[in-house]
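The values are calculated or read from the model by the stated rules, or taken from the named source; none is laboratory data. No experiment lies behind these values; they were computed from the predicted model shown. A quick note on method: Cβ atoms are made from the backbone with ideal geometry, for glycine too, and the neighbour counts reach across all protein chains shown. Only protein heavy atoms, including side chains, enter the accessible area calculation; ligands, DNA and RNA are left aside. Shrake-Rupley method; radii C 1.70, N 1.55, O 1.52, S 1.80 Å.
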Amino acid sequence: MNFDTALNPNNVYEKTTETFNFLRTKIDFSPDIGIILGTGLGQLASEIKSTLTLPYNEIPHFLKPTVESHSGRLIFGELSGKKVVAMQGRFHYYEGYEMVAITFPVRVMHKLGIKTLIVSNAAGGLNPKFKVSDLMVITDHINLMGANPLRGVNDPRLGPRFPDMYNCYDKDLVKLAKRIARKLRIKLQSGVYIAVAGPNLETAAEYGALRILGADAVGMSTVPEVIVARQLGIRVLGFSVITDLGIPEELKPCNFEDVLKAASIAEPKLTRLITAVIKELK
Ligand code: HPA
């Protein structure tokens, strides 16, 4: 089997099948829930009672993450009594990859059987009520990346040509997350996530503009995977960890270490919240 040809919209269906068949030779397991762990948010992976862990570089057609903090492993196992498959580390558009390759794992997880996808990311706060290390449940998104994972020939086997984005972030799951956060006494903000291409953080003027567009948090990921998940009919629940504040009048220098530090403070809360949400998922 030739695994070397680059992924493109013409071959992504066949490549998904190849990767699925490869994974089936390793494990006979149909996860119900997919999880994508964002920058600095890999801790949840250690809560998974794993039956198989595969580094991305051993999986056909998976990319190799370039950001050091992203460990890049696919984990199959049980979390809160549910069958899950988790991506510890994701692929970003700013790394130079094509959208079709970034979102490929979502198609593989769908083929494996997931009905629900839980995504997390590190994001800059635009809402002036937010504080560093707050958690936000994503209620909607704005795609400002200037690219789309569904661009190109659409093989009808991949899903509809013009998928709607109605109830993109499942309202029942948002309600469930809010209810559980209250029960666990975890402060949970909610709002709109806007995705940009990155990799630079925004200028003060850009943060101001993104706020005017209607966003509460800005980041460089998640939206591509969510668009593909919705094309496939997967329910989506998303969380942002606010790692820095993009309030134009109060802007301070921010480096990647600050982002990782803020994420690590929020990480235990996010781990507890997601673990408890999964327990209640139908
Ligand atoms: N902007 C864009 N992406 C981000 C930010 C930000 O301020 N913080 C973490 N990811």
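Observations
- Solvent-accessible area of Thr53, all protein chains in place: 50 Å² (probe radius 1.4 Å, heavy atoms, ligands and nucleic acids excluded).
- By the rule of a C-alpha distance below 17 Å, with chain neighbours fewer than 8 residues away ignored, the aspartates and glutamates paired with Lys26 are Glu18, Glu58, Glu78.
- With protein chains left intact and a 1.4 Å probe, residues in region 1-58 average 50 Å² of accessible area per residue.
- The alpha-carbon atoms of region 77-213 define a convex hull whose volume equals 147 cubic angstrom per residue.
- Counted over region 187-263 with a bin width of 10 Å, the fraction of Cα pairs per bin, in whole percents, is 16, 47, 29, 7, 0.
- Of the trypsin sites (Lys or Arg not before Pro) found in region 113-176, those in coil by DSSP whose Cβ has at most 10 other Cβ atoms within 10 Å are Lys129.
- Taking every protein chain into account, the 1.4 Å probe leaves Ser190 with about 50 Å² of accessible area, to the nearest ten.
- Entries in Lys111/Lys187; Lys261/Lys282; Lys64/Lys178; Lys83/Lys175; Lys171/Lys279 that, when Cα-Cα distance is taken, lie over 29 Å: Lys111/Lys187; Lys261/Lys282; Lys64/Lys178
- Rounded to the nearest whole angstrom, the semi-axes of the ellipsoid equivalent to region 81-144, taken from the Cα gyration tensor as √(5λ), stand at 25, 18, 11, largest first.
- Stokes-Einstein D (µm²/s) once Rh is taken as the Kirkwood radius of the chain over alpha-carbon pairs, at 20 °C in 1.002 mPa s: 114 µm²/s
- Dimensionless Rg/Rh of region 1-128 - Kirkwood Rh, Rg from C-alpha atoms: 0.96
- Distance between the pseudo-spin-label points of Met165 and Glu280 (7 Å out from Cα toward the beta carbon): 2.8 nm.
- Rounded D (µm²/s) - region 177-229, Kirkwood Rh over Cα pairs, Stokes-Einstein at 37 °C, 0.692 mPa s: 254 µm²/s
- With loop membership from DSSP and a limit of 13 other Cβ atoms within 10 Å, the longest segment of the chain without chymotrypsin sites (Phe, Trp or Tyr not before Pro) is 4-165.
- For region 89-172, the solvent-accessible area with a 1.4 angstrom probe is 42 square angstrom per residue.
- In Å², nearest 10: area of Leu245 left accessible to a 1.4 Å probe: 60 Å²
- log10 of Debye I(q)/I(0), alpha-carbon scatterers only, for region 238-279 at 0.24, 0.26 Å⁻¹: -0.83, -0.90
- Considering only Arg24, Arg107, Arg230, the Gaussian network model of the chain with Cα springs below 10 Å gives its largest mean-square fluctuation to Arg24.
- Membrane-span-like helices in the chain, defined purely by DSSP H runs whose alpha carbon atoms cover 24 Å or more axially and whose average Kyte-Doolittle hydropathy reaches 0.0, are 256-280.
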